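Structure record follows, encoded as structure tokens.
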Amino acid sequence: MTKIILITHQKGGVGKSTLAFLLAQNISSNAKVAVLDMDVQGSLSQLKDLVTDFDIIPYQDTIEKIKDLEYDFIFIVTPPYLSNHLSKLMQLADLILIPTKAGFLDLLAIESTINLIKSESKIGQAMVVFNMIKVNTTLTIDILIGLEEYNIKIANTHISDLVSITRSVLEKGIKSNKNAQRQLDNLTKEVLTALV
């Protein structure tokens, strides 16, 4: 049965597309995987013909087609704004990932996303992922404390702000950087465990 992972946040620049790309690539060696790029900017869609490990499906206006796609895992990347599709996508999702940076503006922006997830009664299937984290700062701890009031699961694995991760889409992966690959492997395990 297809597992649908929605990657969403109402703020742009938090790494939704890169995170979807890396998770899809990491899982694709053992499963049939697709990334559905719902963002009309189509950042991932532009890579459609370059990627061979998994499929990238450009923006489609009809959500009903998603359930007909024959994949083990489908990652859905949403645009950084409220869309009329978001609540329907949340209902389809087996897991909702909310990538966020460790910044005060990111903390303020995440509230609307979490509130929407709560209104769809999907908070138990949601997880915040700290992404593009600056190492050796206390800012992440400050934001973790700020997130406590939302009673939402937070991934134990934080993805660092590494050049190899930023370049990963062009280089088709991060295998050359052991630290980045270890972080991605750990996050992949958390995602797969959350789907069980």
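What follows is calculated from the coordinates using simple rules that are stated; it is not laboratory data. Bear in mind that the values here come from a model prediction, so they are computed numbers and not experimental data. Cβ atoms come from the backbone with ideal geometry, glycine included; neighbour counts cover every protein chain shown.
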Between Ser43 and Lys65, 0.36 nm times their residue separation minus their Cα-Cα distance comes to what?
5.8 nm
With a point put 7 Å past each Cα toward its Cβ, work out how far Thr52 is from Phe104 in nm, to one decimal.
4.9 nm
Nearby aspartates and glutamates by direct alpha-carbon distance to Lys32 (threshold 16 angstrom, same-chain neighbours under 8 apart not counted)
Asp53, Asp55, Asp68, Glu70, Asp72
A 22 angstrom limit on the alpha carbon distance is what I want to check against. Which of Lys16/Lys48; Lys67/Lys88; Lys16/Lys134; Lys67/Lys153; Lys11/Lys189 exceed it?
Lys67/Lys153; Lys11/Lys189
Evaluate the relative contact order of the chain (contact order divided by residue number), counting alpha-carbon pairs under 8 angstrom at least 6 apart; express in whole percent.
25 percent
Given the rule -39500 (n - 2.57) for each run of at least 4 DSSP H residues, summed and divided by the residues of the chain, what is its mean residue ellipticity at 222 nm, to the nearest 500 deg cm²/dmol?
-11000 deg cm²/dmol
Label corresponding to semi-axes √(5λ) of the Cα gyration tensor in Å when calculated from the structure given, among [x] 30, 18, 14; [y] 23, 21, 15; [z] 28, 22, 17
[y]
How many angstrom lie between the Cα centre of the range 4-25 and the Cα centre of the range 97-114?
13 Å
How large is the dipole of the chain about the Cα centre if only Lys and Arg carry +1 and Asp and Glu carry -1, each at its Cβ, rounded to the nearest 20 debye?
340 debye
Taking a straight Cα-to-Cα line shorter than 15 Å from Lys65, and setting aside same-chain aspartates and glutamates fewer than 8 residues away, one finds Asp37
How far is it, in nm, from the label point at Ser87 to the one at Ala31 when both lie 7 Å from their Cα along the line to the Cβ?
2.9 nm
Given charges of +1 on the Cβ of Lys and Arg and -1 on the Cβ of Asp and Glu, with all other atoms neutral, how large is the dipole of the range 1-65 about its Cα centre, in debye to the nearest 20?
220 debye
Need one number: nm distance between label points at Ile141 and Thr188, each 7 Å from Cα along Cα→Cβ, rounded to one decimal.
3.2 nm
